[in-house]
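Remarks on the structure that follows.
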2 protein chains.
Amino acid sequence: MFLPMDLVRIYECLCDSTRLRILALLGGGPLCVCHIQDILGESQVKISKHLAYLKTRGLVESSREGNWMMYSIAAKPSPELKANLACLQDCSREDPVFKRDSTKLTKLRTRLAKPACPCAIRTAAKRST
Amino acid sequence: MFLPMDLVRIYECLCDSTRLRILALLGGGPLCVCHIQDILGESQVKISKHLAYLKTRGLVESSREGNWMMYSIAAKPSPELKANLACLQDCSREDPVFKRDSTKLTKLRTRLAKPACPCAIRTAAKRST
DNA sequence: AAACAATATACCGCTTGCGGTATATGCCTT
DNA sequence: AAGGCATATACCGCAAGCGGTATATTGTTT
């Protein structure tokens, strides 16, 4: 009665569209919170809380980088997690929302020579005014 | 913002252990409610409600067979559903709970020459006393 | 038509999730 | 040390899920 729980925990993480989008993004490598926030166009709290949710369930890890928090897919995913993330990447390939997100991400990445934070950009913009 | 919904709907179905077990069982072919009920050892209401849940979201279909209701995986599953069910079957291969369920199922199947309902057996047992 | 068997639904209480506003924390710059 | 930026947490209200008891529904048997 108790071992499908690992799987259930995973699926609980997957049954929210914001979290799906986050995971799809992180599939492409680590990101800081404000990156995610910018790409998804959602509030800071919302993103932060979903990240916390994912973290407590072990799908995601975080590390501080100065002022920013970098989030990434768990370094040592369980076989089930691995399988399901692969499945997600596969399913999301066709979807307009996921595609838009990933386009936004690549744009962001090219716009920034080094993978700095968009916050840096926002700050720069403010200063130049 | 709206198309990952198909995926979300699927994952919502997968994030309960009872539903996972049901889906894993149905992966092996159609079953009537009392089969499922017997194998999982859960109450009638519980099983029935989870089946209804799965049905409204299109993961599962039902057809009446005399007194029984036969449930089966959707005949024309979306690619996402197909992928995720395959993933589930894969993940469940190792799990003790799923294994126990499927063993119970094969026992049931061999015990019954034809795939009749366990209810028939229960009834017969009652009558013979 | 009456009783029964298999399944579904109504209602209830409890818990969890979700998103929002307000506020706290931690690091960095000046 | 003071202010600012990025992020996290507390609290709240609302909606949804889950499992239970009681009851309804539908088909079958006698």
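State yes or no: is A:Ile10 within 13 Å of chain B (Cβ to nearest Cβ), open to solvent by less than 50 Å² (accessible area, probe 1.4 Å) and within 16 Å of DNA strand D (Cβ to nearest atom)? Spelling it out, A:Ile10 is indeed within 13 Å of chain B (Cβ to nearest Cβ), open to solvent by less than 50 Å² (accessible area, probe 1.4 Å) and within 16 Å of DNA strand D (Cβ to nearest atom).
In region B:44-76, what residues are open to solvent by 40 Å² or more (accessible area, probe 1.4 Å) and within 14 Å of chain A (Cβ to nearest Cβ)? Listed by number, the residues that qualify are B:Lys46, B:Tyr53, B:Arg57. Name the residue that is farthest from A:Met70 (Cα to Cα), counting only residues in region A:16-44 that are among the acidic types (Asp, Glu) and assigned to a loop (DSSP other than H, G, I, E, B). The residue in question is A:Asp16.
Give the residue that is farthest from the other protein chains (Cβ to nearest Cβ), with candidates limited to residues of region A:97-116 that are out of contact with any Pro (no Cβ under 9 Å at 6 or more places or on another chain) and in contact (Cβ under 8 Å) with a residue 24 or more places away in the chain. Before you say what the answer is, go through the steps one by one.
Within region A:97-116, the subset out of contact with any Pro (no Cβ under 9 Å at 6 or more places or on another chain) is A:99-107, A:110, A:113-114, A:116.
Next cut, in contact (Cβ under 8 Å) with a residue 24 or more places away in the chain only: A:101-102, A:104-105.
Working: A:Asp101: 10, A:Ser102: 13, A:Lys104: 13, A:Leu105: 16 Å.
Going through the qualifying residues, I end up with A:Leu105.
Only residues that are closer than 21 Å to B:Gly58 by Cα and β-branched (Val, Ile, Thr) were counted across region B:23-42, and they come to 2. Considering only residues in region A:44-58 that are touching a strand residue (DSSP E or B) at 6+ places or on another chain (Cβ under 7 Å) and away from DNA strand C (no atom under 11 Å from the Cβ), the one that is nearest to A:Lys76 (Cα to Cα) turns out to be A:Lys55.
Across region A:86-96, the number of residues qualifying as out of contact with any Phe, Trp or Tyr (no Cβ under 8 Å at 6 or more places or on another chain), assigned to a helix (DSSP H, G or I) and facing another protein chain (nearest Cβ under 10 Å) comes to 6. Applying the condition of being away from chain A (no Cβ under 11 Å), of a type outside the set (Ser, Thr, Tyr) and open to solvent by 50 Å² or more (accessible area, probe 1.4 Å) to region B:28-43 and asking which residue is farthest from DNA strand C (Cβ to nearest atom) yields B:Gly28. Checked against the criterion of being within 15 Å of DNA strand D (Cβ to nearest atom) and out of contact with any Asp or Glu (no Cβ under 7 Å at 6 or more places or on another chain), the candidates A:Arg100, A:Arg64, A:Arg93 yield just one match: A:Arg64.
Which of the following residues is under 19 Å from B:Ala86 (Cα atoms) and either out of contact with any helix residue (DSSP H, G or I) (no Cβ under 8 Å at 6 or more places or on another chain) or part of a strand (DSSP E or B) (or both): A:Lys76, A:Lys82? Step through it out loud before you land on a result.
Details: A:Lys76 fails: under 19 Å from B:Ala86 (Cα atoms).
From the options A:Lys76, A:Lys82, the qualifying one is A:Lys82.
The values are calculated or read from the model by the stated rules, or taken from the named source; none is laboratory data. In this text, all values refer to a predicted model and were calculated from it rather than measured experimentally. Every residue, glycine among them, receives a Cβ derived from its backbone with ideal geometry; neighbour counts consider all protein chains shown. Just so you know, the surface numbers come from the protein's heavy atoms only, side chains and all, with ligands and any DNA or RNA stripped out. Shrake-Rupley method; radii C 1.70, N 1.55, O 1.52, S 1.80 Å.
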